[in-house]
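Here the structure is laid out as structure tokens; the discussion comes afterwards.
The values are calculated or read from the model by the stated rules, or taken from the named source; none is laboratory data. Remember, predicted model here, so these are calculated numbers, not experimental data. Positions of Cβ are backbone-derived with ideal geometry, glycine not excepted, and every protein chain shown enters the neighbour counts. What goes into the accessible areas is simple: the full protein's heavy atoms, side chains included, and nothing from ligands, DNA or RNA. Shrake-Rupley method; radii C 1.70, N 1.55, O 1.52, S 1.80 Å.
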Amino acid sequence: MKAKQYKLKKELNLFQATLYGVGIILGAGIYVLIGTGAGIAGNAIWISFAIAALIAAFTGMSYAELSSMYSKDAAEYVYTNNAFKKPAFAFAVEWIMVFAVIVSGATVALGFGGYFSHIFGVPQIAAAIGLIVVLSLISYIGIKESARFNILSTLIEMSGLVVVAAIGLFFIGNADYFYTPQGMTGIFSATAVIFFAYIGFEELVNFSEETKNAKKIMPRALLLSLIISTILYMLVAFAAVSIVGWERLSVSNAPLTEVVAHVYPNAAIIMSVIALFATANTVLAILIVASRLLYGLSCNRSLPDVFSYISRRGTPYVAIILVMIFSILALAVGGVKEIAMLTDIGIFIVYIFINASLIALRYRQPMARRLFKSPVNIGRFPVLALLGILASSFMLFHFSPYLILLELTVITIGF
């Protein structure tokens with residue numbers, strides 16, 4: 001029997017899908033980039049998190065409605081192709097998403113490497129490469145097994161954030177929460193960096209073909225994961241600057257370990273171990289999503305058939321191998337900050353087209369069945385989708401010309 005005659009297995013329920021979303025979101029920014037963001041926004045880093053949450057919510061509503069209409073992998077391709085009927089354009093949008101997802105996996109893997117190096121002294125890049133290889137193997141073994149690892153890791157990483165937030169309660173009032181060394185410019189620039197912390201909710205829709213009753217479950221899982229993550233982010237941001245201040249956060253390779261160690265020095269190693277689970281969990285989910293993007297594009301005949309080959313384990317093994325290779329190569333792009341910002345540029349571009357797709361489908365397919373509908377509408381027109389386009393476009397002005405040029409090069413290659 002040929003490998004591609006096997007099918008993806010529908011294993012995920014609402015609880016598992018929500019934890020996948022939370023797991024992707026939490027491990028990335030709060031454990032890795034809170035220090036970088038604090039170095040730009042100061043003690044007002046919480047404002048950057050709030051702005052990022054608002055931007056994410058606008059587009060999150062669009063993703064939720066679109067996922068209630070279509071339950072296919074390579075979701076961005078499916079949404080834009082149905083909206084505009086231009087396969088080449090839809091492929092370009094998905095190509096940007098593939099690049100952003102792979103690069104984001106490299107970013108978080110470097111974050112893992114930072115914590116791993118802090119504990120064991122292993123070089124950061126070596127630890128990141130080892131993690132990608134091991135998690136690619138787990139991804140190959142199966143979605144059910146990956147989900148079990150995700151549930152355990154997500155609960156562990158959430159517990160770490162709850163601990164930081166709880167400790168912070170005893171230090172509330174120790175900082176000027178509106179102090180920012182660069183004013184509002186710094187707050188928006190920090191938002192451009194730490195928006196990476198919210199990346200993940202949109203990737204969840206690419207688990208649709210492995211989710212039971214996906215059109216009903218996926219919108220709920222998407223919004224629940226975004227709400228849970230935002231609450232934890234805000235609590236931890238307040239706690240972190242209250243305990244150690246933005247200066248110490250900004251120079252630490254393991255910022256949340258720094259926070260806990262300031263109060264309980266003997267607990268520092270525990271926090272670092274929790275951070276390892278958090279970052280590893282996010283990398284696993286990202287590797288799975290990236291392979292499903294390639295699989296979905298192959299099923300839509302935008303990539304060679306080989307990418308849709310499914311192993312006996314029910315996983316797209318060729319896509320998994322290729323994602324592993326490119327994730328390792330992406331480690332060479334630069335440091336955590338540069339890779340995260342490059343990811344964010346791609347994500348904001350994709351958000352613009354996803355929101356535009358929702359607007360177009362409201363008029364082109366007004367009678368299509370929608371199990372979820374984005375709120376705040378003027379007639380058929382989705383107001384939040386427009387705000388999502390404007391907010392994402394505005395954020396693109398807060399990146400360096402070099403990174404913008406690099407992203408445009410990637411887009412050109414896609415075309």
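Relative contact order, whole percent, for the stretch 227-359 stands at 11, derived from Cα pairs under 8 Å and 6 or more residues apart. Accessible area per residue, 1.4 Å probe, Å², for the chain: what's the number? Dividing the accessible area of the chain by its residue count gives 37 Å².
Pairs over the 28 Å Cα-Cα cut-off, from the set Lys144/Lys373; Lys85/Lys144; Lys72/Lys373; Lys85/Lys215: Lys144/Lys373; Lys85/Lys144. Ordering of 292-300, 262-270 by packing is 292-300, 262-270, highest average first (other Cβ atoms within 10 Å, averaged per residue).
Residue separation of Lys212 and Val263 scaled by 0.36 nm, minus their Cα-Cα distance, works out to 13.9 nm of gained length.
Length gain on complete extension for the stretch Val251 to Ile125, per 0.36 nm per residue less the alpha carbon to alpha carbon distance?
Going from the current span to full extension adds 43.5 nm.
For the stretch 1-124, a Kirkwood radius taken over Cα pairs fed into Stokes-Einstein (4 °C, viscosity 1.567 mPa s) yields D = 73 µm²/s. If you take the Cα centroid of the stretch 62-127 and the Cα centroid of the stretch 354-376, the two points sit 23 Å apart.
Taking Cα centre as origin and charging only the Cβ of basic (Lys, Arg, +1) and acidic (Asp, Glu, -1) residues, the dipole magnitude of the chain rounds to 1760 debye.
Going toward the positive end of the dipole of the stretch 294-377, with +1 on Lys and Arg Cβ and -1 on Asp and Glu Cβ, which of Ala332, Leu371, Leu361 do you reach last? Working it through, the farthest residue towards the positive pole turns out to be Leu371. First check a/c for the stretch 287-403, with a ≥ b ≥ c the square roots of the eigenvalues of its C-alpha gyration tensor; if it is under 1.5, answer rounded, and if not, answer prolate when a/b is larger than b/c or oblate otherwise. Here the stretch 287-403 falls in the oblate category.
Projecting label points 7 angstrom from Cα along Cα→Cβ for Leu54 and Met234 puts them 1.2 nm apart. Simple rule: put +1 on each Lys or Arg Cβ and -1 on each Asp or Glu Cβ in the chain, find the dipole, and look at Leu169, Tyr295, Phe394; the Cα lying farthest toward the positive end is Tyr295. Annotation for the stretch 162-214: chymotrypsin sites (Phe, Trp or Tyr not before Pro) lying in DSSP loop with at most 11 further Cβ atoms inside 10 Å of their Cβ are Phe178. For the stretch 333-400, the share of alpha carbon pairs falling in successive 10 Å distance bins from zero is 19, 41, 24, 13, 3 percent.
Taking all protein chains together and rolling a 1.4 Å probe, Trp46 ends up with roughly 50 Å² accessible.
Rounded to the nearest 20 debye, the dipole magnitude of the stretch 196-247 is 340 debye, with +1 charges on Lys and Arg beta carbons, -1 on Asp and Glu beta carbons, and the Cα centre as origin.
Computed from the C-beta positions of Tyr402 and Arg369 and an R0 of 45 Å, the FRET efficiency is 0.50 to the nearest 0.05.
Axis angle, to the nearest 10 degrees, between helix 317-330 and the longest C-alpha principal axis of the chain: 40 degrees. Straight-line cross-link reach from Lys86 at under 20 Å between alpha-carbon atoms covers these aspartates and glutamates, not counting any fewer than eight positions away in the same chain: Asp73, Glu76, Glu94.
Rounded to the nearest 0.05, what FRET efficiency is calculated for Ala88 and Gln182 with R0 set to 60 Å and r the Cβ-Cβ distance? Walk me through the intermediate numbers first.
Values: r = 41 Å, r/R0 = 0.68.
Result of the calculation: an efficiency of 0.90.
Relative contact order (percent) for the chain, with alpha-carbon contacts under 8 angstrom and 6 or more residues of separation?
36
In this Cβ point-charge picture (+1 for Lys and Arg, -1 for Asp and Glu), the stretch 168-219 has a dipole of about 200 debye about its Cα centre. Applying a DSSP loop filter and a limit of 14 other Cβ atoms within 10 Å to the trypsin sites (Lys or Arg not before Pro) in the stretch 84-148 leaves Lys85. Take every Cα pair under 8 Å whose residues are at least 6 apart in sequence, average their separation, divide by the length of the stretch 87-170, and the relative contact order is 16 percent. Just checking the listed ones, Ile34, Ile102, Ile47: in the Gaussian network model of the chain with Cα springs under 10 Å, the one fluctuating most is Ile47.
Stokes-Einstein at 4 °C, 1.567 mPa s, Kirkwood radius from Cα pairs: D for the stretch 168-226 in µm² s⁻¹?
88
Residues whose amide H comes within less than 5 Å of that of Leu12, counting only those at least five positions distant or on another chain, are Thr211, Lys212 (H built at 1.01 Å from N in the peptide plane). Candidate values (i) 80, 54, 39; (ii) 56, 51, 39; (iii) 108, 50, 43 were compared with Cα extents along the principal axes in Å computed on the shown model; the agreeing label is (ii).
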